[in-house]
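Trainee: Okay, here's the structure, questions in a sec.
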Amino acid sequence: MSKEKNPADKTPQEESTPEKEVRIYSLATTANECIIFLEELGGNRLLPIWIGIAEGQAIAIRFSGIVLPRPLTHDLLLSTVTAVGFSVQKVVVHDIRENTFYAKVHIKKGSQSLAIDSRPSDAIAVAVRAGCTIFVEEKVFDRCQTLTKPITEDEVKKFKSELKNLKPEDIFGELKKKKKEEGPPSRKDKEQKKDEGEEEADA
């Protein structure tokens, strides 16, 4: 099951890959979890990200056009950013490690640009309020098992209906099953891998 990462937990620096523009395709909720599907524009891939119920509701409220009389946390965050002279340029889901997603909110003030670590759900909640573009780096698509977007209207209707009952194990179950069947590497495998590495180093 892929999940979000607390922005306080840092990830190693890694080379960036091309950013693919996405938009919210669907948002499905159950009693204790929420899943958001990001649709690749110009492609047919859907990226599923499991998020918290509160964050899912924050996205759904704004995405549906509902205006509340008092600001929620993400409204306050956006207001604070704009009050100090910055504007939100874009949000980017830039990495996934150990089934955990990482995102950044890019803000700008004149010539000053900042990239703020964020959970994808918070970043997207800010994006739908700021009206900015959402991107996903190509390496995230490569490392995560994506879904293929249906084409016909009937397929879309059926697919969205199925999303309501979709569970993390429905998508990632086969990967976990395969890993379990393979089991942990044996001592012999580890030694063989080490020998192969030494041979490559000598070459």
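Trainee: Among the listed residues GLU21, GLU39, GLU55, GLU14, which satisfies the condition of being within 20 Å of ASN99 (Cβ to Cβ) and either of a type in the set (Phe, Trp, Tyr) or at pLDDT 75 or above (or both)?
Mentor: Result: GLU55 is the single residue among GLU21, GLU39, GLU55, GLU14 that is within 20 Å of ASN99 (Cβ to Cβ) and either of a type in the set (Phe, Trp, Tyr) or at pLDDT 75 or above (or both).
Trainee: Then there's this: Would you confirm, using the coordinates I've provided, whether ALA115 is touching a Pro at 6+ places or on another chain (Cβ under 7 Å) and either modelled with pLDDT of 95 or more or not assigned by TED's automatic domain parsing to the domain that holds PRO48 (or both)?
Mentor: no
Trainee: Let me ask you something else. Pick out, from segment 15-127, the strands (runs of 3 or more DSSP E) lying fully within it that include 3 or more residues that are of a type outside the set (Phe, Trp, Tyr), crowded, with 19+ Cβ neighbours inside 10 Å and under 18 Å from the mean Cα position of the chain (by Cα).
Mentor: The qualifying strands (runs of 3 or more DSSP E) are 34-40, 45-51, 87-97, 100-109.
Trainee: Next question, about the same structure. Given the criteria touching a residue at least 24 places away in the same chain (Cβ under 8 Å) and either in contact with a strand residue (DSSP E or B) (Cβ under 8 Å, 6 or more places away or on another chain) or farther than 15 Å from LEU147 by Cβ (or both), does SER16 qualify?
Mentor: Criteria met by SER16.
Trainee: Would you check if there is a residue in segment 100-109 being closer than 18 Å to LEU46 by Cβ and at pLDDT 95 or above?
Mentor: Taking every residue of segment 100-109 in turn, at least one turns out to be closer than 18 Å to LEU46 by Cβ and at pLDDT 95 or above.
The values are calculated or read from the model by the stated rules, or taken from the named source; none is laboratory data. Everything numeric in this text was worked out from a predicted model, so none of it was measured. As a convention, Cβ positions derive from the backbone with ideal geometry for all residues, glycine included, and neighbour counts pool all protein chains shown.
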